[in-house]
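The values are calculated or read from the model by the stated rules, or taken from the named source; none is laboratory data. What you see is a predicted model, and the numbers here were worked out from it, not measured in a lab. Counting neighbours? That spans all protein chains shown, and the Cβs are built from the backbone with ideal geometry, glycine included. All accessible areas refer to the heavy atoms of the entire protein, side chains included, with ligands and DNA or RNA removed. Shrake-Rupley method; radii C 1.70, N 1.55, O 1.52, S 1.80 Å.
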Amino acid sequence: MRVVEAFRAAYGSSPQTVWHAPGRVNLIGEHTDYNDGFVFPFAVPWGVTAAVTPRTDTTVRLLSLQSSGEPVTIASHDESKGWTRYVVGVLAMLGDRAGGADIAIDGDVPQGAGLSSSAALEVAVASALNDLHGLGMTPMEIALLSQKAENDFVGMPCGIMDQAASALCQEGHALFLDCRSLGSRNIPLDLAPHGLSMLIIDTQVHHEHAGGEYAKRRAECESAARKLGVAALRDVTDLAGALDRLQGAERRRTEHIVTENHRVEALVGLLRAGAVTEIGALLNASHLSLRDKYEVSSPELDVAVEAALRGGARGARMTGGGFGGSAIALVPVDRLESVQESVSAAYADRGFQAPRFLPASLAPGAHRVA
Ligand code: GLA
């Protein structure tokens, strides 16, 4: 394994453990996680592999096969910058339970595609350290610790979806997660017998303001919940009544969150009933709601979704935080080519940078590889 060889070359010994954790695609349930709602992501076949050996001091030595040169040595948590923050954040959250470590990282999550490479990195390192130090953390505890590293250390106020998907997903399944109770269930999603496949359309665009807009959406939801006298927008039961009491952005955000939670439950219900071919309409409705009510789409995402549908997709939507990143499309296998042609042509027409197409399969969550 490449990462083990790099570890040996850099540190002069073999790693004590090697863990892999995947990125994710969210099938439906967008921006619902920090509203105590429902999400339904699955793990992708790309992720981060972390080779780790603990140290007796508190020094962290880090090497990434994706950045050239010598290992970076970090003696104090404050020195950490760039991608190293995700790793040092996890170590900081573990505190005395972990000490220092020698770490080598190899990742293949397409960068900038919005497939949660940062969650993969956090969960791979946290899982390896949990294993090495015999900490006995459950996959959900690993996800929560990784989320806290990202919230408190990196400063991104994300919800629990990405880390939970990376830690808990199972091959061939998507993860139905209640972000309040943290109860979850892996639901089988087998597209091939229905002649269907899932295509990721990476716009290769990411808008700079995304981080600030994410925090703003979160604040709007929290403000709306306060005005409605509920703990979170998850608790709104009378949507029409709630909308009457809100205005402007808070009204639109509330409408998205409440309807999106229902769409997650409806989609899971269709899968349980074996009606896979019927889920497309819910994907389309989710996209329109994210575009018009939550206002987190982008021209590139909208064009990808519209062109995919014109090319024969059964449903399509943006996935992840928005403002760029990727869209997903549910595509009959015999229409894969025409969908890609349709999206490529629409992008060329608009003068957009060519999109990248990635066939999605439902991969396993974090696991030990050596
Ligand atoms: C980002 C965050 C997640 C979630 C999605 C939107 O990926 O990290 O917690 O909020 O956006 O659904």
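Things to note:
- Among His194, His31, His20: highest mean-square fluctuation, GNM of the chain, C-alpha pairs under 10 Å: His194
- Partners for Lys148 among lysines (Cα-Cα distance below 20 Å; same-chain residues under 8 apart left out): Lys81, Lys216
- Taking a ≥ b ≥ c as the square roots of the Cα gyration tensor eigenvalues, the stretch 163-225 comes out oblate, since a/c reaches at least 1.5 and a/b does not exceed b/c.
- Radius, Kirkwood style, for the stretch 43-95 when every pair of distinct Cα atoms is counted (Å): 12.3 Å
- Rounded to the nearest Hz, the phi-derived 3J(HN,Hα) couplings of the stretch 194-200 under the Karplus curve 6.51 cos²θ - 1.76 cosθ + 1.60 (θ = phi - 60°) are 9, x, 10, 8, 10, 10, 8, where x marks glycine and proline.
- Peptides 213-219, 322-328, 175-181, ordered by how many other C-beta atoms sit within 10 Å of their residues on average, highest first, read 322-328, 175-181, 213-219.
- In a fully extended conformation the segment linking Glu337 and Ala275 would gain 19.9 nm over its present Cα-Cα distance, using 0.36 nm per residue.
- For the stretch 304-318, putting each phi into the Karplus relation 6.51 cos²θ - 1.76 cosθ + 1.60 with θ = phi - 60° gives couplings of 4, 5, 5, 5, 4, 5, 4, x, x, 5, 7, x, 7, 7, 5 Hz, in residue order, rounded to whole numbers and with x for Gly and Pro.
- Cα gyration tensor category, rounded, prolate or oblate, for the stretch 183-258 with a/c compared to 1.5: oblate
- For the stretch 105-187, taking Cα atoms only, Rg and Dmax work out to 12.6, 34 Å respectively.
- Computed FRET value (nearest 0.05) for Leu288 with His133, which takes r as the C-beta separation and R₀ as 51 Å: 0.60
- The phi torsions of the stretch 37-47, fed into the Karplus equation with coefficients 6.51, -1.76 and 1.60 and a -60° offset, translate into couplings of x, 10, 9, 8, x, 9, 7, 9, x, 10, x Hz, rounded to whole numbers, with Gly and Pro shown as x.
- Highest to lowest packing among 43-50, 266-273, 282-289, scored as the average C-beta count within 10 Å: 43-50, 282-289, 266-273
- Prolate/oblate/rounded call for the stretch 242-325, Cα gyration tensor, a/c under 1.5 rounded: oblate
- For the chain, the Kirkwood radius over C-alpha pairs fed into Stokes-Einstein at 20 °C and 1.002 mPa s yields D = 102 µm² per second.
- Over the chain, DSSP H runs of length four or greater, each weighted -39,500 (n - 2.57), average out per residue to a 222 nm ellipticity of -12500 deg cm²/dmol.
- Cβ-derived FRET efficiency at R0 35 Å, Lys81 paired with Arg8, nearest 0.05: 0.85
- Stokes-Einstein D (µm²/s) once Rh is taken as the Kirkwood radius of the stretch 51-201 over alpha-carbon pairs, at 20 °C in 1.002 mPa s: 130 µm²/s
- Accessible carbon and sulfur surface of the chain relative to its total accessible area, %, 1.4 Å: 49 percent
- Packing here is the average count of other Cβ atoms within 10 Å per residue, and on that basis the peptides 120-128, 183-191, 66-74, highest first, run 120-128, 183-191, 66-74.
- Using a simple spin-label model with pseudo-atoms 7 Å out from Cα toward Cβ, Arg97 and Arg350 lie 4.4 nm apart.
- Distance (nanometres) between label positions extended 7 Å along Cα→Cβ at Asp244 and His206: 4.4 nm
- Rounded accessible area per residue of the chain, 1.4 Å, Å²: 39 Å²
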